[in-house]
Amino acid sequence: MNETGFAFDSRLDTGFLNILYRGDRKHAAMIFDQFLKGIHTQMKEVDDNFSLGNTEIFRLKVHRLKPVLSFVGLTWLTGKAEAIEKECIHMSGTGAITELYTDFRNTIVEFIPVIENELLKLKE
């Protein structure tokens, strides 16, 4: 728990979030809200380019998503995003990273309800 008495969900990187927001619930709520408003569109764009095998566009979409994940406490996913980006540089299609990408994507989808719940708590 930080100085305001707010405790982020332990499944998130609470240490990073507490340092980042320093008890500013309003700012955290704004960022969490922006994440939730954009994540479905962003993931559709990532998915579409993965499915089409557009390696460079897929890599760029993952790159743009990477910092946003940290802002909502999904810091460990930045390493997976970096691994995806590195693999894309050496590939002509996305098929070789199907397992890596599927794990990355499924983790994001799994944590959307956690982020939604945190937003509700932040707004209390």
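Read-outs throughout are calculated quantities, based only on the coordinates presented, and are distinct from any laboratory measurement. Here the structure is a predicted model, which means the values were calculated and not measured. We place every Cβ from the backbone using ideal geometry, glycine too, and count neighbours over all the protein chains shown.
Return yes when GLU110 is of a type in the set (Asp, Glu), over 9 Å from the mean Cα position of the chain (by Cα) and surrounded by fewer than 14 Cβ atoms within 10 Å (Cβ to Cβ) and no when it is not.
Numbers: of a type in the set (Asp, Glu): yes; over 9 Å from the mean Cα position of the chain (by Cα): yes; surrounded by fewer than 14 Cβ atoms within 10 Å (Cβ to Cβ): yes.
Considered against the rule, which asks whether it is of a type in the set (Asp, Glu), over 9 Å from the mean Cα position of the chain (by Cα) and surrounded by fewer than 14 Cβ atoms within 10 Å (Cβ to Cβ), GLU110 comes out as yes.
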**Request:** Looking only at the range 65-92, count how many residues are more than 10 Å from the chain's Cα centre (by Cα) and not acidic (Asp, Glu).
**Result:** 10
**Asked** Just checking, which of GLY53, GLY95 is on the phi > 0 side of the Ramachandran plot and either over 11 Å from the mean Cα position of the chain (by Cα) or among the polar types (S, T, N, Q) (or both)?
**Response** GLY53
**Prompt:** How many residues are without any contact (Cβ under 8 Å) to a residue 24 or more places away in the chain, exposed (fewer than 15 other Cβ atoms within 10 Å of the Cβ) and either among the aliphatic types (A, V, I, L, M) or over 27 Å from LEU122 (Cβ atoms) (or both) if we restrict to the range 53-86?
**Reply:** 3
**Message:** Cβ-Cβ under 7 Å, sequence separation 6+ or interchain: first residue in the range 103-115 and farther than 21 Å from ALA28 by Cβ, partner small (Gly, Ala, Ser) and surrounded by 14 or more Cβ atoms within 10 Å (Cβ to Cβ). Which pairs?
**Reply:** PHE104/ALA81
